[in-house]
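**Student:** I'd like to ask some things about the structure below.
The values are calculated or read from the model by the stated rules, or taken from the named source; none is laboratory data. Values in this document were obtained by computation on a predicted structure and should not be read as measured data. In this analysis, Cβ positions are derived from the backbone assuming ideal geometry, glycine residues included, and neighbour counts consider all displayed protein chains.
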Amino acid sequence: MARIVILTGAGLSAESGLGTFRDKDGLWTKYDLEDVATPEGFARDPGLVTGFYNARRANLLAAAPNAAHLALAELEAAMPGEVRIVTQNIDNLHERAGSRAVWHMHGELMRALCQACGAKWDAPAEMRVADACPSCGKAATRPDVVWFGEYPYHMEEIWDAIRAAELFVAIGTSGQVFPAAAFVQDASRAGAETLELNLERSEVSHDFEETRQGPATEIVPAWVAEMLGC
Ligand code: APR
């Protein structure tokens, strides 16, 4: 009975056509993250920020899970024990592939959040700042995503799962954003084996016992097949 925690990042969804952040042509080479991914940026220009996420939501609605998402869903369904996904991605491709145990530590693009009362609801394809909250009626709508300077979601459960893990795997993440970048050290300290699957070596590759390089749609299904003994 295995206990596996899998951290995923933008590289997992890259081959579904969703952009990464820090690669050449990544989102943070085209946009200033201070403008579109901070509470201060939203306060300065809510229309710009809402438009940025509306565009990303339109991309997501046109995208589909890839072979790597599907393989991780198969692992969760077929592996005796517990397979937990901790994702930094705000897309819903894990769920659409069939994964059930998914923590979205950076929130979800398909959800809306009321800044006034904290209510959450399904986001419309085109969100507007003036959309009224279905709970309190105020026009204080924002995407339910965690911006720089905000506290990620589900951290207590995530740390508990990492401390109990026998295997920690990071897939498609550059290891440049905390706290996720430190999960490998937390997992090692707690005695887990650690594996990195990424297109290339990352900032934190040296913290992993094993690293494998290649596109997620190739190396993730191959690793899952090994795990399931196929
Ligand atoms: N297969 C596997 N890995 C890939 C692929 C691919 N097809 N394409 C790119 N990668 C790798 C890159 O080499 C890089 O190491 O995915 C990683 C993506 O890194 P980032 O763009 O930094 O994305 P991520 O690590 O998810 O960013 C973390 O930063 O801005 C925030 O909130 C945002 O959740 C995001 C967080």
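**Student:** Taking region 65-92 only, how many residues are closer than 16 Å to residue 125 by Cα and aliphatic (A, V, I, L, M)?
**Tutor:** Taking region 65-92 first, the residues closer than 16 Å to residue 125 by Cα are 90-92.
Now drop any that are not aliphatic (A, V, I, L, M), which leaves 90.
Qualifying residue count, region 65-92: 1.
**Student:** Can you find a residue in region 25-39 that is near the ligand (Cβ under 7 Å from one of its atoms), more than 27 Å from residue 194 (Cβ to Cβ) and modelled with pLDDT of 95 or more?
**Tutor:** yes
**Student:** Same structure, new question: Can you pull out every residue in region 195-208 that is modelled with pLDDT of 95 or more and surrounded by fewer than 20 Cβ atoms within 10 Å (Cβ to Cβ)?
**Tutor:** Those that are modelled with pLDDT of 95 or more and surrounded by fewer than 20 Cβ atoms within 10 Å (Cβ to Cβ): 195, 199, 200, 201, 205, 206, 207.
**Student:** Is at least one residue of region 51-61 of a type in the set (Phe, Trp, Tyr) and more than 11 Å from the ligand (Cβ to nearest atom)?
**Tutor:** yes
**Student:** Here is a list: 187, 170, 182. Which entry is within 16 Å of the ligand (Cβ to nearest atom) and surrounded by 21 or more Cβ atoms within 10 Å (Cβ to Cβ)?
**Tutor:** Selected residue: 170, the only one of 187, 170, 182 that is within 16 Å of the ligand (Cβ to nearest atom) and surrounded by 21 or more Cβ atoms within 10 Å (Cβ to Cβ).
**Student:** Next up: For region 56-148, which fully contained strands (runs of 3 or more DSSP E) count at least 3 residues that are surrounded by 14 or more Cβ atoms within 10 Å (Cβ to Cβ)?
**Tutor:** Details: elements: 81-87, 102-104, 107-114, 120-122, 141-145.
Passing ranges, in order: 81-87, 102-104, 107-114, 141-145.
**Student:** Could I ask something else about it? Would you tally the residues in region 218-230 being away from the ligand (no atom under 12 Å from the Cβ), part of a helix (DSSP H, G or I) and surrounded by fewer than 16 Cβ atoms within 10 Å (Cβ to Cβ)?
**Tutor:** Within region 218-230, residues that are away from the ligand (no atom under 12 Å from the Cβ), part of a helix (DSSP H, G or I) and surrounded by fewer than 16 Cβ atoms within 10 Å (Cβ to Cβ) number 3.
**Student:** Something else: Output the number of residues of region 149-165 satisfying the condition of being in a loop (DSSP other than H, G, I, E, B), within 16 Å of the ligand (Cβ to nearest atom) and closer than 21 Å to residue 12 by Cβ.
**Tutor:** Result for region 149-165: 3.
**Student:** Yes or no: residue 10 farther than 23 Å from residue 203 by Cα and either basic (Lys, Arg) or touching a residue at least 24 places away in the same chain (Cβ under 8 Å) (or both)?
**Tutor:** Details: farther than 23 Å from residue 203 by Cα: no; either basic (Lys, Arg) or touching a residue at least 24 places away in the same chain (Cβ under 8 Å) (or both): yes.
Judged against the criteria, residue 10 is not a match.
**Student:** Where the second residue is in a helix (DSSP H, G or I) and within 16 Å of the ligand (Cβ to nearest atom) and the first is under 13 Å from residue 7 (Cβ atoms) and among the hydroxyl-bearing types (Ser, Thr, Tyr) and lies in region 73-99, which pairs have Cβ atoms under 7 Å and are six or more apart or on separate chains?
**Tutor:** That search, which allows pairs on different chains as well, returns 87/94.
**Student:** Within the bounds of region 21-34, is there any residue that is surrounded by fewer than 18 Cβ atoms within 10 Å (Cβ to Cβ), in contact with a strand residue (DSSP E or B) (Cβ under 8 Å, 6 or more places away or on another chain) and within 19 Å of residue 144 (Cβ to Cβ)?
**Tutor:** Within region 21-34, the subset surrounded by fewer than 18 Cβ atoms within 10 Å (Cβ to Cβ) is 22-26, 28-34.
Add one more test, that the residue is in contact with a strand residue (DSSP E or B) (Cβ under 8 Å, 6 or more places away or on another chain), and what stays is none.
Scanning region 21-34, I find no residue that is surrounded by fewer than 18 Cβ atoms within 10 Å (Cβ to Cβ), in contact with a strand residue (DSSP E or B) (Cβ under 8 Å, 6 or more places away or on another chain) and within 19 Å of residue 144 (Cβ to Cβ), so the answer is no.
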